[in-house]
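Okay, so here's the structure we're looking at.
The values are calculated or read from the model by the stated rules, or taken from the named source; none is laboratory data. In this text the structure is predicted, and so the values were computed from the model without any measurement. No Cβ is skipped: glycine too gets one built from the backbone with ideal geometry, and neighbour counts run over all protein chains shown. When the accessible area is computed, the model is the full protein with side chains, heavy atoms only, and any ligands, DNA or RNA have been set aside. Shrake-Rupley method; radii C 1.70, N 1.55, O 1.52, S 1.80 Å.
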Amino acid sequence: MSYIALANITLSSAASSVTFSNIPTSVNGVALRDLVLVIDGTASVGINVSIFFNNDNTTSNYPYVRMIGNGSTTSSDTANPTVIGDLQTTRGMIKLSVMDYSATDKHKTLLSRFDNPSSVLGAIALRWANTNAITSLRVRDTANAATFSIGTTFALYAIAG
Amino acid sequence: MTMQVIQHIELGSAQSSITFSNIPQTYTDLLLVTSIRDTSGGFQLLLLDINGSSSNRKWRSLFGNGVGGVGSQTETSGNPANTIALVNGAVGGPISVVAYTSAQLYFPNYSGSSFKSFSADSVTENNSTENYNFIEAGLWEQNSAITSLTVKTTNTVAAGSSATLYGILKGSSGGVTVS
């Protein structure tokens, strides 16, 4: 079994953030290597979504590069550390992978795809400048003002290796 | 098991499409992985019908072609509503040049009662300087569960093309808590 479901939630009320805690480095004796997070739904307003690992809220620890398209123009930037994508008031999704999340000898790299068919889509490469194994992750509105809407789903998986 | 193969289809001869029907509703998400080529030359379109329909779709794309071409389009840009990506067509060179477009589509919550999001990533390859990396944000604006997926190209899907449909089931393990 190489793809393992760890936890999930479907919001029954609007939430300002979602946190996955107690992320293990193995399950049933099987070592876990990578994490996959799938978010499907909407937000109260159009937002950038940020991620924080192990309660590290220092934004400079999350440098990133983004490419983005809005249906007519394209751009690329490094202006918004911690961001993993957008969610809008119309349905969209974010799917990201964190490589070697359980390693203790390297910074953690993340690849994210975000898809909003009525707004913007793109891809992000992000680095968490910390060598600790990831034991928790939290996602929220970058501006810490809006909420994830009722019915939005969050599912966390691990890949063994 | 969290991720399982639902069905794998590989074409022994050119066909009009590759279809997955009667998709079981026992998973949470679907992953469709394809290796596709069109029988006509040049770059053609990779198309996807959901539940037999090409309608009720919104999409937004972002692409680059390796020779300075980059762009972003929507379903109103002139391509069909069920466009997923570009796909390479038959080439006239040596058999070793023959290559297939790789595309991966992810459908979260495909059996739910809301509109369905999907994410598509693809890359063409034809051993030349111009090739496309094409990503798409898609939305099927229907509340019905997805019960069939049909992959096709502008003309005919070439022999040797294949597609694999996986089911992914959410769950809990390892003591992870969510709040």
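Within the range A:91-108, how many residues turn out to be in a strand (DSSP E or B), over 30 Å from B:Glu141 (Cβ atoms) and open to solvent by 10 Å² or more (accessible area, probe 1.4 Å)?
Qualifying residue count for the region: 1.
Confirm whether B:Gln44 is of a type in the set (S, T, N, Q), out of contact with any His (no Cβ under 8 Å at 6 or more places or on another chain) and open to solvent by 50 Å² or more (accessible area, probe 1.4 Å).
So B:Gln44 does not fit the description; no.
With B:Ser77, B:Ser114 as the choices, which residue is without any contact (Cβ under 8 Å) to a residue 24 or more places away in the chain and open to solvent by 30 Å² or more (accessible area, probe 1.4 Å)?
B:Ser77
Just to verify a result, which residue in the range A:8-38, among those that are at positive phi and within 9 Å of chain B (Cβ to nearest Cβ), is surrounded by the most Cβ atoms within 10 Å (Cβ to Cβ)?
The extreme case among them is A:Asn22.
Taking the residues in the range A:113-140 that are open to solvent by 10 Å² or more (accessible area, probe 1.4 Å), in a strand (DSSP E or B) and closer than 30 Å to A:Ser72 by Cα as candidates, determine which candidate is farthest from the other protein chains (Cβ to nearest Cβ).
Step by step, filter the range A:113-140, then rank; the result is A:Arg127.
Please enumerate the residues belonging to the range B:1-21 that are under 26 Å from A:Tyr157 (Cβ atoms), open to solvent by 70 Å² or more (accessible area, probe 1.4 Å) and not in a strand (DSSP E or B).
Of everything in the range B:1-21, just one residue is under 26 Å from A:Tyr157 (Cβ atoms), open to solvent by 70 Å² or more (accessible area, probe 1.4 Å) and not in a strand (DSSP E or B), namely B:Met1.
Which residues, counting only those in the range B:59-73, are open to solvent by 50 Å² or more (accessible area, probe 1.4 Å) and more than 8 Å from chain A (Cβ to nearest Cβ)?
Those that are open to solvent by 50 Å² or more (accessible area, probe 1.4 Å) and more than 8 Å from chain A (Cβ to nearest Cβ): B:Gly66, B:Val67, B:Gly68.
Could you list all residues from the range A:51-70 that are in a loop (DSSP other than H, G, I, E, B) and open to solvent by 10 Å² or more (accessible area, probe 1.4 Å)?
A:Asn54, A:Asn55, A:Asp56, A:Asn57, A:Thr58, A:Pro63, A:Asn70
With the condition kept exactly as written, say whether any residue in the range A:139-152 is within 13 Å of the chain's Cα centre (by Cα) and free of Cβ contacts under 8 Å to residues at least 40 places away in the same chain.
Within the range A:139-152 (the criterion being within 13 Å of the chain's Cα centre (by Cα) and free of Cβ contacts under 8 Å to residues at least 40 places away in the same chain), the answer is no, since none of the residues qualifies.
I need the full set of residues from the range B:114-145 which are among the hydrophobic types (A, V, I, L, M, F, W, C) and either at the interface with chain A (Cβ under 9 Å from one of its Cβ atoms) or farther than 22 Å from B:Thr76 by Cα (or both), in order please.
Listed by number, the residues that qualify are B:Phe115, B:Phe118, B:Ala120, B:Val123, B:Ile135, B:Ala137, B:Leu139, B:Ala145.
Just give me the residues in the range A:45-59 being over 17 Å from A:Met93 (Cβ atoms) and touching a residue at least 60 places away in the same chain (Cβ under 8 Å), in sequence order.
If the condition is that a residue be over 17 Å from A:Met93 (Cβ atoms) and touching a residue at least 60 places away in the same chain (Cβ under 8 Å), then A:Val45, A:Phe52, A:Phe53, A:Asn54, A:Asn55, A:Asp56 are the ones that fit.
Considering each of B:Ser77, B:Ser61 in turn, give the residue that is of a type in the set (Ser, Thr, Tyr) and at pLDDT below 95.
The unique qualifying residue is B:Ser77.
Being over 22 Å from A:Ile39 (Cβ atoms), loosely packed, with under 15 Cβ neighbours inside 10 Å and touching a residue at least 12 places away in the same chain (Cβ under 8 Å) narrows it down to one residue among B:Thr153, B:Thr147, B:Thr129, B:Thr124; which is it? Give the steps one after another, and end with the answer.
On the way: B:Thr153 fails: loosely packed, with under 15 Cβ neighbours inside 10 Å; B:Thr147 fails: loosely packed, with under 15 Cβ neighbours inside 10 Å; B:Thr124 fails: loosely packed, with under 15 Cβ neighbours inside 10 Å.
Matching residue, one of B:Thr153, B:Thr147, B:Thr129, B:Thr124: B:Thr129.
Is one or more of the residues making up the range A:84-91 in contact with a strand residue (DSSP E or B) (Cβ under 6 Å, 6 or more places away or on another chain) and either more than 14 Å from every other protein chain (Cβ to nearest Cβ) or polar (S, T, N, Q) (or both)? Reasoning before the result, please.
Step one: of the range A:84-91, the residues in contact with a strand residue (DSSP E or B) (Cβ under 6 Å, 6 or more places away or on another chain) are A:84-87, A:91.
Narrowing the set further to residues that are either more than 14 Å from every other protein chain (Cβ to nearest Cβ) or polar (S, T, N, Q) (or both) leaves none.
Among the residues of the range A:84-91, not one is in contact with a strand residue (DSSP E or B) (Cβ under 6 Å, 6 or more places away or on another chain) and either more than 14 Å from every other protein chain (Cβ to nearest Cβ) or polar (S, T, N, Q) (or both), which makes the answer no.
Restricting attention to the range A:146-161, which residues are assigned to a loop (DSSP other than H, G, I, E, B), surrounded by fewer than 20 Cβ atoms within 10 Å (Cβ to Cβ) and modelled with pLDDT of 95 or more?
Hits for the range A:146-161 are A:Thr147, A:Ser149, A:Ile150, A:Gly151.
Please specify each residue of the range B:156-176 satisfying the condition of being closer than 20 Å to B:Ser111 by Cα and open to solvent by less than 50 Å² (accessible area, probe 1.4 Å).
B:Thr164, B:Leu165, B:Gly167, B:Ile168, B:Gly171
Condition first: assigned to a strand (DSSP E or B) and not β-branched (Val, Ile, Thr). Now tell me which residues in the range B:145-179 satisfy that.
Result: B:Leu149, B:Lys152, B:Ser162, B:Ala163, B:Leu165, B:Tyr166, B:Gly167.
Could you pull out every one of the strands (runs of 3 or more DSSP E) wholly within the range B:52-134 that has 3 or more residues that are farther than 21 Å from B:Asn155 by Cβ and in contact with a Gly (Cβ under 8 Å, 6 or more places away or on another chain)?
On the way: elements: B:57-64, B:70-74, B:83-90, B:101-107, B:116-123.
Per the criteria, B:57-64, B:70-74, B:116-123.
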